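Dropping the structure in here first, questions after.
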Amino acid sequence: MTRPLSNDLRERVVAAVLSGESRRSTAKRFGIAISTAVKLLQRHGATGSVAPGKMGGHRKRVLEPHRAFIAARIREMPHLTLHSLKDELAARGVKVSHNAVWQFLRHEGLSFKKNALRP
């Protein structure tokens with residue numbers, strides 16, 4: 001992921017456009033994409049600032065509030081598969097992918113049976 005443009009450059013682009021220069025010519029003069037100039041003006045109009053937004057970070061795990069339920073289900077039914085656990089969560093109103101369940105279980109150190117056909 002690339003880093004954001006400097007605040008100095010952002011302010012100069014906005015100042016140039018606000019002084020009457022077109023977005024296209026400003027973008028060409030400062031060596032940025034036209035869409036960047038447009039988005040900087042939109043950000044300035046909406047927030048009054050040209051500072052970049054937050055980049056990166058970690059997403060909250062959507063299954064965290066359901067940790068107790070998942071752990072209890074695995075204790076009750078050690079042969080539970082990922083797909084059946086996903087279906088049980090869906091019945092409770094939690095729509096998640098197969099991968100989200102797998103990632104959560106792996107992070108929690110919980111084990112499960114991988115194939116419902118095996119005894």
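Could you check the range 29-113 for helices (runs of 4 or more DSSP H) lying wholly inside it with 1 or more residues that are among the hydrophobic types (A, V, I, L, M, F, W, C), within 17 Å of LEU18 (Cα to Cα) and in the same structural domain as GLU11 (by TED's automatic domain parsing)?
Working: elements: 34-47, 67-76, 82-91, 98-108.
The qualifying helices (runs of 4 or more DSSP H) are 34-47.
Please indicate, with yes or no, whether at least one residue in the range 91-112 is without any contact (Cβ under 8 Å) to a residue 24 or more places away in the chain, aliphatic (A, V, I, L, M) and surrounded by 13 or more Cβ atoms within 10 Å (Cβ to Cβ).
For the range 91-112, residues without any contact (Cβ under 8 Å) to a residue 24 or more places away in the chain, aliphatic (A, V, I, L, M) and surrounded by 13 or more Cβ atoms within 10 Å (Cβ to Cβ): absent.
Applying the selection to the range 32-88, what residues are of a type in the set (A, V, I, L, M), surrounded by 10 or more Cβ atoms within 10 Å (Cβ to Cβ) and in contact (Cβ under 8 Å) with a residue 40 or more places away in the chain?
VAL50, ALA51, LEU63, ILE70, listed by residue number.
The values are calculated or read from the model by the stated rules, or taken from the named source; none is laboratory data. Treat the numbers as computed from the prediction; the structure is a model and nothing was measured. Every residue, glycine among them, receives a Cβ derived from its backbone with ideal geometry; neighbour counts consider all protein chains shown.
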